[in-house]
Amino acid sequence: MPASRKEARALWLRDAVMRDGPLHVRDAAESLDVSEMTVRRDVRENPEMLQFLGGHIVLTQDAARRAPYDLSDAAEINQDAKRAACHACLPLLDEEATVFIDCGTTLPHLVHAIPAEMKLTVICYALNIADMAVRKPNIKLVLLGGVYHPATASFYPAEEDGTLDAYAVNLALMSAAGVDARLGVTCITFREAGLKRQAMSRAARSVLVTDRSKLGTVRPARFAALDDFSAVATEEGLIAPANLAFGPPG
């Protein structure tokens, strides 16, 4: 590929983000008529202009301000496994249900996979989840407000917020940064853990959605025991928590 064409794509990406805000990699690839891999390479080769944030392309100065930890890098890791874990959850979605969708880099794959014709009420607090949900014409989106925290690209209430209490949640789809047989299910921040616990307490059932790379990992903030979930979704499918194997897959 001649350097001038690469440069032209990078400048187009920069101008598009400056004009319209964060741009999803998929949309950028469609607009440029190239593969997503090509777009990702273009972004990585122009770190002075562009960076990733949760599957989106942002200006470098914006990424530095909004994502001081490795959320953007995490979005690039184990994508196939994350996608497979999310697809395992699709049969759990019932028409007209109210679904809480947690933060992180796994569950955007689930929102992307929701059929366009399916009617759902989706409650979330993460920017990347909300951005995906508004693309679905039959999703009623409820975004929990509050102060934006760049470490998880999420909003947390500045004071007591009763929004969740107003809803009876049919299904809570929860993410995690660590899953341990003895110490339970953990995440990065205690603020995030509190909101996760609140969501699970409002849900008829909760499902943990994680790829196997998180198994055996422990993060600082514990928010649930494994048996608090009705099922665990991994790249191997839906598994009862008691049957979750922490050894090598297979």
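The values are calculated or read from the model by the stated rules, or taken from the named source; none is laboratory data. These figures come from a predicted structure and were not determined experimentally. Reconstructed Cβ throughout: ideal geometry from the backbone, glycine too, with neighbour counts over all protein chains shown. Keep in mind that these areas ignore ligands, DNA and RNA; they rest on the heavy atoms of the full protein, side chains included. Shrake-Rupley method; radii C 1.70, N 1.55, O 1.52, S 1.80 Å.
Is at least one residue of region 221-231 of a type outside the set (A, V, I, L, M, F, W, C) and either in contact with a Cys (Cβ under 8 Å, 6 or more places away or on another chain) or under 25 Å from residue 52 (Cα atoms) (or both)?
Within region 221-231, none of the residues are of a type outside the set (A, V, I, L, M, F, W, C) and either in contact with a Cys (Cβ under 8 Å, 6 or more places away or on another chain) or under 25 Å from residue 52 (Cα atoms) (or both).
Please enumerate the residues belonging to region 1-36 that are small (Gly, Ala, Ser), surrounded by 12 or more Cβ atoms within 10 Å (Cβ to Cβ) and not in a helix (DSSP H, G or I).
Residue satisfying the conditions is 21 alone.
Which residue pairs have Cβ atoms under 9 Å apart, sit 6 or more places apart or on different chains, and have a first residue in region 9-34 that is closer than 18 Å to residue 55 by Cβ and a second that is aromatic (Phe, Trp, Tyr)?
The qualifying pairs are 25/52; 28/12; 31/12; 32/12.
Could you tell me how many of the residues in region 119-135 are more than 24 Å from residue 158 (Cβ to Cβ), open to solvent by 30 Å² or more (accessible area, probe 1.4 Å) and in contact with a His (Cβ under 9 Å, 6 or more places away or on another chain)?
Matching residues across region 119-135 total 1.
Of all residues in region 172-191 being at pLDDT 90 or above and within 17 Å of residue 126 (Cβ to Cβ), which is surrounded by the most Cβ atoms within 10 Å (Cβ to Cβ)?
Of everything passing the filter in region 172-191, 174 is surrounded by the most Cβ atoms within 10 Å (Cβ to Cβ).
Within region 12-24, track down each residue that is closer than 17 Å to residue 130 by Cβ and not charged (D, E, K, R).
Across region 12-24, the qualifying residues are 21, 22, 23, 24.
Starting from residues that are modelled with pLDDT of 85 or more and assigned to a loop (DSSP other than H, G, I, E, B), keep the ones in region 60-93 and report whichever is farthest from the chain's Cα centre (by Cα).
93
Any chance you could count how many residues in region 37-59 are surrounded by 15 or more Cβ atoms within 10 Å (Cβ to Cβ) and either β-branched (Val, Ile, Thr) or assigned to a helix (DSSP H, G or I) (or both)?
8
From the set of residues in region 192-250 that are open to solvent by 20 Å² or more (accessible area, probe 1.4 Å) and of a type in the set (Lys, Arg), which is modelled with the lowest pLDDT?
Across region 192-250, the extreme among qualifying residues is 219.
Determine if region 153-169 includes at least one residue that is among the polar types (S, T, N, Q), under 15 Å from residue 100 (Cβ atoms) and out of contact with any helix residue (DSSP H, G or I) (no Cβ under 8 Å at 6 or more places or on another chain).
yes
Quickly run through region 229-250 and pick out the residues that are farther than 20 Å from residue 90 by Cα and not hydrophobic (A, V, I, L, M, F, W, C).
243, 247, 248, 249, 250
Against the conditions (1) open to solvent by 50 Å² or more (accessible area, probe 1.4 Å); (2) outside any strand (DSSP E or B); (3) farther than 18 Å from residue 234 by Cα, where does residue 141 fall short? Just the number, please.
Going through (1) open to solvent by 50 Å² or more (accessible area, probe 1.4 Å); (2) outside any strand (DSSP E or B); (3) farther than 18 Å from residue 234 by Cα one by one, residue 141 breaks only (2).
Filter region 149-171 down to residues that are touching a Lys or Arg at 6+ places or on another chain (Cβ under 8 Å) and either open to solvent by 40 Å² or more (accessible area, probe 1.4 Å) or not in a strand (DSSP E or B) (or both), then give me how many there are.
Taking region 149-171 and keeping what is touching a Lys or Arg at 6+ places or on another chain (Cβ under 8 Å), we get 149-150, 153, 156, 164-165, 167-171.
After this cut, where a residue has to be either open to solvent by 40 Å² or more (accessible area, probe 1.4 Å) or not in a strand (DSSP E or B) (or both) as well, the list is 149-150, 153, 164-165, 167-168, 170.
So the count comes out to 8.
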